[in-house]
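The values are calculated or read from the model by the stated rules, or taken from the named source; none is laboratory data. As the structure is a computational prediction, the values presented were derived from the model and not from experiment. Note: ideal-geometry Cβ built from the backbone for every residue, glycine included; neighbour counts use all protein chains shown.
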Amino acid sequence: MSEHLQQVELKLLKIDDYEEVKSIMEEVYVAVADPYWEKHQLKKLIDSFPDGQVAIKVNGEIAGCALSILINEAFYSDSHTYLEITGNYSFDTHDPRGELLYGVDVFVRPKYRGLKLGRRLYEYRQQLCESMNLKAILFGGRIPNYHKFSTELKPREYIEKVKNKQIEDPVLNFHLSNDFQPVKVIKGYLEGDEASEEYAVLLKWYNISYDKPSKKAAYIRKSVRLGLVQWQMRPYSDLDALMQQVEFFVDALSAYKADFALFPEFFNAPLMAQYNHLGEPEAIRKLAEYTEEIVQRFSTLAVSYNINIITGSMPEMVNDSLYNVGYVCRRDGSTERFEKLHVTPDEKKCWGIEGGKDLKVIDTDCGKIGVLICYDVEFPELPRLLADEGMNILFVPFLTDTQNGYSRVRYCAQARAIENECYVAIAGSVGNLPRVDNMDIQYAKSMVFTPCDFAFPTEGIKSEATPNTEMILIADVEIDQLNELHSYGSVKNLKDRRKDLYDVIRK
């Protein structure tokens, strides 16, 4: 879609949303005789099971919905129909003590398709299933392309060919790609579904975290998955080609359910090649002209792939001044800007970049984070200020040409993890750009650092990439381990500071 995404949010459905929901269903189910739920039916769902009825909004407008009920495992047979499972559309079949989440309906407004909002709705259901400690998610999935093959294939044969990518079925493909397993073919599932010839596939997603309810107290960890991109510097013909490579990495990290994707400093420097004849100051100012569009594209990717993206850094003109900046593109569509405060002598001399002034903790759905660009991490006062404001994870996009420069960033970053009792993730670029002045051979080894105590790796290294190799690095970090460390660690670097003798303050 061409409309700029400002905010994407999941909200519980309210009965006041009915008219908007009705209009969406009329758009989606245009070929169905009775395309929408009546108001009293939607009210019954909301009143009976409010957490099961969710809407996804884009820029304040409802873009799609997911409706669900709970059923008892002993209630249904594998050969049930849609009419039976919904109690003749009365939803009297909903059982608050049910062990299974049954998907009643999912739909997305046509103009918002392509943003993977359907996947967001399914992920909400999966999270709800886990948080409620339910056994599984279950529903009957249509096979709308089956009528094209029904004379030559039985439904089970058709399903196998779809699974093997020999036949394209958009609905079944979507369900399979979201980890739903075919259980049984149901005949006569949805009356009037001519495209599927009234067949459906009973699909099930198993909650592997399910545990038989117990009265014992349980300790739940809060885990965050970090994804780091060790970026290869290579020529790109234009912005589209560069962003295609960006999307490749975002897609890969999203497939591994990463919560964050971190890109390096000046990852978009290859685009300066076409301006190399202008000289270094002019070339980087030409590069700055791409920044606004790149941020918008990153924001769309963050929403589409349901992942928070730290964009690395890019040049940006503000009035007549040039800065080195980056953005946190949250998966709800919102963005947050950050600046490089300490510019290197080379950045100042060759490009005329000025140091920024804005230092802040950034709120995300995974807690409070900070971002410092390369050289900034070599100044211990900055992470200390962020730690005092509640930062748990520090991200450091960097760009270093020599191993000496890399070592400064690497060892300072690890020191910041220890002294501020936080996680630090660093990501850099590798390779070279022969046609871009002031962009020499790159050296990088992306890493995730931890504090050094018994709950963490002995050497304080959670994960590390292969040096000078294009790759992604994925690491899970436990926020609750930090909370324990602050109070019960062998040493307490934050609490044991002698504030009677010294302190770090903002001006």
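Structure data summary
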| quantity | calculated |
| --- | --- |
| Test: L385 is assigned to a helix (DSSP H, G or I), in contact with a Lys or Arg (Cβ under 7 Å, 6 or more places away or on another chain) and within 20 Å of G326 (Cα to Cα) | yes |
| Some residue of the stretch 40-63 being hydrophobic (A, V, I, L, M, F, W, C), touching a residue at least 60 places away in the same chain (Cβ under 8 Å) and more than 29 Å from K111 (Cα to Cα) | no |
| So P281, is it in the same structural domain as G431 (by TED's automatic domain parsing) and touching a residue at least 40 places away in the same chain (Cβ under 8 Å) | yes |
| Condition met for M439 (hydrophobic (A, V, I, L, M, F, W, C) and within 21 Å of the chain's Cα centre (by Cα)) | no |
| Verdict on R410 being in contact with a helix residue (DSSP H, G or I) (Cβ under 9 Å, 6 or more places away or on another chain), touching a residue at least 12 places away in the same chain (Cβ under 8 Å) and not hydrophobic (A, V, I, L, M, F, W, C) | no |
| Condition check for S150: farther than 27 Å from D51 by Cα, among the hydroxyl-bearing types (S, T, Y) and in contact with a Lys or Arg (Cβ under 6 Å, 6 or more places away or on another chain) | no |
| L138 vs. criteria in contact with a helix residue (DSSP H, G or I) (Cβ under 7 Å, 6 or more places away or on another chain), under 25 Å from G98 (Cβ atoms) and either in the same structural domain as K57 (by TED's automatic domain parsing) or not charged (D, E, K, R) (or both) | no |
| The stretch 72-117, residues that are aromatic (F, W, Y) and either surrounded by fewer than 19 Cβ atoms within 10 Å (Cβ to Cβ) or in contact (Cβ under 8 Å) with a residue 60 or more places away in the chain (or both) | F75, Y76, Y82, Y89, F107, Y112 |
| Checklist (1) of a type in the set (F, W, Y); (2) in a strand (DSSP E or B); (3) out of contact with any strand residue (DSSP E or B) (no Cβ under 8 Å at 6 or more places or on another chain) applied to F139, failing item | (3) |
| Conditions (1) over 18 Å from A66 (Cβ atoms); (2) among the charged types (D, E, K, R); (3) in contact (Cβ under 8 Å) with a residue 24 or more places away in the chain; (4) surrounded by fewer than 20 Cβ atoms within 10 Å (Cβ to Cβ): number failed by K204 | (1) |
| Qualifying positions in the stretch 166-188 - among the polar types (S, T, N, Q) and under 24 Å from L121 (Cα atoms) | N173, S177, N178, Q181 |
| Residue match in the stretch 14-32 (condition: free of Cβ contacts under 8 Å to residues at least 12 places away in the same chain and either of a type in the set (S, T, Y) or crowded, with 19+ Cβ neighbours inside 10 Å (or both)) | yes |
| The listed residue being more than 24 Å from E9 (Cβ to Cβ), of a type outside the set (D, E, K, R) and out of contact with any Leu (no Cβ under 6 Å at 6 or more places or on another chain), out of S334, S321 | S321 |
| Odd one out for A74 among (1) in contact with a Leu (Cβ under 9 Å, 6 or more places away or on another chain); (2) assigned to a loop (DSSP other than H, G, I, E, B); (3) not charged (D, E, K, R) | (1) |
| Selected residue [without any contact (Cβ under 8 Å) to a residue 60 or more places away in the chain and polar (S, T, N, Q)] from N392, N432, N404 | N404 |
| Restricting the stretch 7-49 to residues that are in a helix (DSSP H, G or I) and among the polar types (S, T, N, Q), the residue that is nearest to T335 (Cα to Cα) | S23 |
| Boolean, K257 is closer than 30 Å to A475 by Cα, part of a loop (DSSP other than H, G, I, E, B), in the same structural domain as T400 (by TED's automatic domain parsing) and modelled with pLDDT under 95 | yes |
| Members of the stretch 52-71 that are touching a strand residue (DSSP E or B) at 6+ places or on another chain (Cβ under 7 Å) and either surrounded by fewer than 17 Cβ atoms within 10 Å (Cβ to Cβ) or not in a strand (DSSP E or B) (or both) | G52, Q53 |
